[in-house]
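Undergrad: My questions will all concern the structure given below.
The values are calculated or read from the model by the stated rules, or taken from the named source; none is laboratory data. These numbers come from a predicted model, not from an experiment. Every residue, glycine among them, receives a Cβ derived from its backbone with ideal geometry; neighbour counts consider all protein chains shown. Surface areas here come from the heavy atoms of the whole protein model, side chains and all, with no ligands, DNA or RNA. Shrake-Rupley method; radii C 1.70, N 1.55, O 1.52, S 1.80 Å.
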Amino acid sequence: MLYTKSALEAHADKAAIETAWDPRKPGFYFLTRAAVLDLTASQLQRMQEMRDSKLLVKVLIDLNDAFQGKGLIESVLFVSHRWEDPATPDETGAQLAAIKAHLLDHPEIQFVWFDYSCMPQRSSGLSPDQDDRTPAEKAEFDLMLKSIADLYLTAKVLILLDTMYRTRFWTTMEGWCAMQKVTPQGVRPARAGESRVTVVCIHNATQHDERALLEMSTKTAEEITKFLASPDVAVTNKKDKTTMLPIVGKTDERVREMMSGMHSVIPESHEEELREDDNPITLFIDSARERVGSLFGITPLVMEREGATTGNAAASELHVQIPVRASSAPEPFYQGFHPGITCGRSGMNPIVGMRFHLRGSEPSSDLCQAEYDKLDDAENGLYEAIPPPPPGLKLEGGSLPGYAADYPGTYRLADGKLVNGRPAYQHTTDATLWIAFDGVDSWMGQPESLLGEKKGFLGLRDRAAASPDVSAKTWKASGGAGAGWVEAPQLKCTAWTPPPLPPGLKLEGGSLRGVAAKYMALPGEAAKYMGGYRLVVGKLVNGRPAYQHTSDATLWITFAGNGWIGQPESALGEEKGNLDLRDPAAASPDVSAKTWMATAGGADNPWVEAPQLKCTAWTPPALLHGLKLEGGSLPGGAAEYMGGFRLADGKLVNGRPAYQHVTDGSRWLAFDGAIWRGQTVADLGQKRGVLQLPDEAAATPDASAAPWLCGWAPQPQLQCIPWTPPPLSPGLKLEGGSLAGAAAEYMGGYRLDRSRPVNGRPAYQHMAHLTRWLAFDGAIWRGQPEADLGKKRGVLQLPDTAALTPDASAATWLAETGSGLAAQPQLKCIPCIPPPPPGLKLEGGSLGGGASEYMGGYSLYSGKLVNGRPAWRHTTHFTCWLAFDGAIWRGQPEADLGQKRGFLQLPDAGALTPDASAATWLAETGSGLAAQPQLKCIPCIPPPPPGLKLEGGSLGGGASEYMGGYRLADGKLVNGRPAYQQMTLGSSWAADGSRWIAFNGKDSWIGQSEADLGKGNGILLLLDAAAATPDVSTKTWKAWAGATGSGWVEEPPLKCIPWTPSPPPLSPGLKLEGGSLPGAAAEYMGEYRLVVDDRVGWPPQAVKAGWPGNHMLVNGRPAWRHTTHLKCWLAFDGAIWRGQPEASLGQKRGFLQLPDAGALTPDASAATWLAAGGPGSAGAAQPQLKCIPCAAPELSQVELKELPVKHFRGPCADCCKPLAPCCCVSADGEAIFGCVPTEPGYILPACLHMALCPQLGCDPKGGFLQLDCREFCFYTLLPFVCCCQIFAPPRFSFFW
């Protein structure tokens, strides 16, 4: 809003910037990798908006490292692009999409520099001679500008090439620098293998344009300078050429200077004392640099030794402090996790995504993203963001001696394993080789027997590196057996994404005997044996994955220290078994080339080789969805276990799947650790139950040939067979009887939420009251609010533990009456097919590119079926749809509706609506589809569109007057639905109150007069009771043609479409009147003037709102000031409107309240005002108090007195007002001029007055006379134009 710094302070801020600047370590603002990938907007914003959103980090780049191609510069990307428009460099979003795609292909990039978002920019809409940046911002911009060439010469560069790229000064200069190689002799064109640049053609650019650009790389510094100086190389600000051409011309000289000052080797004796100082990200240590942070609200990144001041943490721990809120959204292909670290609040183990460390505390206090987001701003500052380690590493390059030669290759992050407090990585082909931290100062390549010790064959001495891939230090290698350590500068460690472990294994081939034969499944011929094994997710045996036989669950393949073993469950992890693959290096047995050994077991049976036996990766079949017990007759309570059972998704009991009875949810088939049982939910997994299946080997009970027992008596007729259970009812309906109070809201329809079982049973959400649920509390069914979901609370109860779903119960419902529970025998719960939800919402995670537009709310398009299923249209992006393509659900543009194309996919043909699916969404990333596990589709009540437009066709008679635009009547419902009021033709806002579109309360939307509002009378008719608003209906409108005797006539061309009307013109004045206000609130009665702020640039949020002019905004909305009580304001506090004193402007304090967040202006609200007589007193409703628009009030005497200082502008305006009698400040706030007396009795030449007081434009009255010093300066040489204070009021006089 208004700056409050004095001119002297502004100069001090500028000086602080210049003092903090180190040309050898220039500081630049960057967007983090996560910040770019998480953006949902299609374009990057201006730097100041990015800064205020805390999306920028300031990084000091050590040019000494940069010119050597090491350090931070390796993880930085500079983007070279043409500004497509002075106010919007990336008009179509193509540039941001290309940047995101590049980041996905280059995981090593951690920081992105995009000039519009990373250097202070002027506000859009200013003339070329206007600049609303602060002195500090301009100073920093100029300093960055002079260093930019150094960074384009050394950093990785992404060129976004369009057909005009080579015609612009800045892009041509950047592109040439990016294609150069720095050498001790100067620059030369980069050769193959040296290139730092990636060229991406956008818009209409072709390979021809790319070749032409690459040809420019051969120009020398002198030649490119002459080329850039040519007038046909355009530049917006000619000053830029003046500044940059000398710098480009001296490129060779600059590079030679930098390269000659390098110190590539640090003597060993000085390494310890320099270790902290040679990091590329350093601490601002002097007071001037601290001031930079406070000035811009951005703290530079800091490499801080954790525990150095508190003593609470190990001295070796270093963390990068990133003072921004990290995103909760994962990267599309790898989300990342922190092995061994648990969230101190939610219990998430391990923490997935970004974790937040409480400075000075143990890791047990760390938080996950979701818990961190719940903190307030004060608590946020206590935590530092720590990104997850990469999922894998790759070591490559050079030739290593001796044993060190075994270590190149790929490594997988060890799940759940920390070594000396840091993640550890295991070789993917030789699992005995590791990369781990030694606990002192180095990352080591070492065998498993030395894990965590300061011993090994590779060493990377960099205790600051959170993982070895982020280090710029040089690896050292040792060949072993007394060999010394040698540097291996070619060896590089980079982040790498490993492939997933095989979901299963298959043993096949060969002929095994005795007990060993159990590990093969005989398909019928002895020459070939087969056996399948399933990966047990989350289970590690001796640090390696474990595989369980799919038909004999007592048999496993696990790691036993010296190799892989085929063994019984009783010997799991021990060196006992009947199959042996002696290959400790194999990460899983399918990757080994060694020969299996087999034994029949027992001391007398030797091990024999089985060379034909092969272990291969395999995808096991899915588990059965259901089982059925049938046959025979069971006694007593055992008879209740007959019938079908449904697989409990995601539930394991003693390591095996469990099955729940489809009609009696309290009955289960589960494994007790030794045998299968039919048992109650209370005994689940224990050695109790009325049915027994004594077969430890059976992976599921249908796979067993053993006889069932009941009370240990054989039941030979009883069979357990595979079975496909019927689908759960997609909906339920509560009806019958009459419920009172809060219980009444639970009547009506419910929809099954497949993704949200509660206490092991399905849960149903009310279709109208979305916070009302039917759910199981562990003992009975309840009707309960969402806040109590699954708890033993709620206003409805169904006391039936056995019922899998409430419609399957014959028990009587109970309802809370206020005085206790009362039986409701008439209340019934019946299955139903629910109608599709009126709205859907896509939320969670972050989508990139074109997919980002599909986030948000959707409205059901009434009556429209796409491939036989309902479809939903986005409530703001009207061309975006959710629809069924005949096989899966898609998010797709309107042009592709129902076809097999789109940006989003939900692969679930069985889901009648997308919110009913538990499948994972997939999103198009530009390089393929990526899973989006955080993305959820939930039902919602969509907001009505802000406006409607009737168009198309030709209506006759009075119906023609209903064509045109309508705006939503804020806060007004007609028969429970929104209503729309027509806007006067040619007007941007004023509504014609005589014509409306509203619901008649029965079956139709009506175009009708205000007198008939909500009734059945009207002149237009849309017969569609299901349409939440008329724009979502596919039915045909009818028009009344009674005058011709035709009655209702269909009008097929007439369409009602959603529309966003322009915002209202702001009233120049408001008036509070009516009633009598108590105490201090009484001063707020009377007239108010719209505040026009000519002291600052036009706020961007006002441009977005569509308001013309330069009105002052408070919390994004205009403000009005009282014309006589100048300290009294009407302003928005971010939630409601208030009458408040100037000192509290925009805050949640004041004497009047208008609780209406939706009202753009207070006169547009129908809410009731509240008034308080004084501080601390309760607000009382003031129904008589009205706020009405009025013409601009005449200037009051109080305002006239204020005029001499009213037009002071710039960052110092507020400080200058009190000083007006003695001094004057320039419009840009950069200069303080001499004393300007204002008391009566002085005579001053007008030109001198202009020089001393440019704010007033040579008019001490502040605007009554429009005199320009430039026009009058010449004439003051002859006539003596003076400003005389001796008159009342002061005026200009002419003297000869």
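Undergrad: I need the calculated FRET efficiency for the pair residue 619 and residue 223, taking r as the beta carbon distance and R₀ as 56 Å, to the nearest 0.05.
TA: The computed FRET efficiency comes out at 0.40.
Undergrad: When the Cα centres of the range 762-776 and the range 794-851 are compared, how far apart do they sit, in Å?
TA: 4 Å
Undergrad: While we're on this one: Using a 1.4 Å probe and ignoring any ligands, DNA or RNA, find the accessible area of residue 929 and quote it in Å² to the nearest 10.
TA: Approximately 80 Å² for this residue.
Undergrad: For the pair residue 793/residue 843, report the inter-label distance in nm, with labels modelled 7 Å from Cα in the Cβ direction.
TA: Output for this residue pair reads 2.1 nm.
Undergrad: Can you give the accessible area of residue 558 in Å² (nearest 10), computed on protein heavy atoms with a 1.4 Å probe?
TA: 0 Å²
Undergrad: Ranked highest first by average number of other Cβ atoms within 10 Å, how do 684-693, 109-118 line up?
TA: Highest to lowest by the protection proxy: 109-118, 684-693.
Undergrad: Quick one: length gained pulling residue 450 to residue 396 fully straight, 0.36 nm per residue minus the C-alpha distance?
TA: 17.2 nm
Undergrad: Residue separation times 0.36 nm, minus the C-alpha to C-alpha distance between residue 936 and residue 822: what's the value?
TA: Answer, rounded to one decimal: 37.2 nm.
Undergrad: Using alpha-carbon positions, what is the distance between the centroids of the range 439-492 and the range 620-681, in Å?
TA: 54 Å
Undergrad: What number comes out for the charge environment of residue 410, summing +1 per Lys or Arg and -1 per Asp or Glu over other residues with Cβ under 14 Å away?
TA: With Lys, Arg at +1 and Asp, Glu at -1, the neighbours total -1.
Undergrad: A further question follows. If I stretch the segment between residue 85 and residue 951 completely, what's the gain in nm (0.36 nm per residue apart, minus their alpha carbon distance), one decimal?
TA: Details: separation 866, 0.36 × 866 = 311.76 nm, distance 3.37 nm.
Gain on stretching residue 85 to residue 951: 308.4 nm.
Undergrad: How large is the charge dipole for the range 788-888, taken about the Cα centre, if only the Cβ atoms of Lys, Arg (+1) and Asp, Glu (-1) carry charge, to the nearest 20 debye? Intermediate values should be presented prior to the final figure.
TA: On the way: 8 positive and 7 negative charges, 20 e Å.
Here the range 788-888 has a charge dipole of around 100 debye.
Undergrad: Suppose every Lys and Arg Cβ carries +1 and every Asp and Glu Cβ carries -1, with no other charges. What dipole size does the range 54-149 come out with about its Cα centre, to the nearest 20 debye?
TA: Here the range 54-149 has a charge dipole of around 200 debye.
Undergrad: Shape of the range 1-153 from its Cα gyration tensor (a ≥ b ≥ c, root eigenvalues): rounded if a/c is under 1.5, otherwise prolate when a/b > b/c, or oblate? Display every interim value, and only then the final one.
TA: Details: a/c = 1.96, a/b = 1.19, b/c = 1.64.
Because a/c hits 1.5 or more and a/b fails to exceed b/c, the range 1-153 counts as oblate.
Undergrad: Could you sort 625, 338 by their accessible area in this structure, using a 1.4 Å probe and putting the largest first?
TA: 625, 338
Undergrad: Also: Whenever you get a sec, line up 767, 348 from highest to lowest accessible area (probe 1.4 Å, protein heavy atoms).
TA: 348, 767
Undergrad: While we're looking at this one, here's another question. Explain nothing, just the number: dipole magnitude of the range 655-784 about its Cα centre with +1 on each Lys and Arg Cβ and -1 on each Asp and Glu Cβ, in debye rounded to the nearest 20.
TA: The calculation lands at about 260 debye.
Undergrad: Another one. Any chance you could check the Cα centroid distance between the range 686-735 and the range 345-389 for me, in angstrom?
TA: Here the answer is 45 Å between Cα centres.
Undergrad: Can you give the accessible area per residue of the range 27-118, in Å², using a 1.4 Å probe?
TA: That works out to 29 Å² per residue.
Undergrad: Percent relative contact order of the range 143-214, based on C-alpha pairs within less than 8 angstrom and at least six residues apart?
TA: Computed over the range 143-214, the figure is 39 percent.
Undergrad: Too long at a 32 Å Cα-Cα cut-off: which of 417/614; 900/1055; 455/506?
TA: The pairs that break the limit, which is 32 Å between Cα atoms, are 455/506.
Undergrad: Where only protein heavy atoms count, and the probe is 1.4 Å, what is the accessible area per residue for the range 797-946 in Å²?
TA: 41 Å²
Undergrad: If packing is taken as the average number of other Cβ atoms within 10 Å across a peptide's residues, how do 172-178, 951-957, 195-201 rank, most packed first?
TA: 172-178, 195-201, 951-957
Undergrad: Positive end of the dipole of the range 152-215, charges at C-beta (+1 Lys, Arg; -1 Asp, Glu), about the Cα centre: which of 212, 160, 175 has its Cα farthest in that direction?
TA: Toward the positive end, the furthest listed residue is 175.
Undergrad: Also, I was wondering about something else. Beta carbons within 10 angstrom, averaged per residue: use that to sort the peptides 462-470, 1049-1057, highest first. Write out the running numbers ahead of the final one.
TA: Numbers: 462-470: 21.3, 1049-1057: 16.0.
Ranking the peptides 462-470, 1049-1057 by packing returns 462-470, 1049-1057.
Undergrad: To the nearest 10 square angstrom, how much accessible area does residue 122 have with a 1.4 angstrom probe?
TA: 80 Å²
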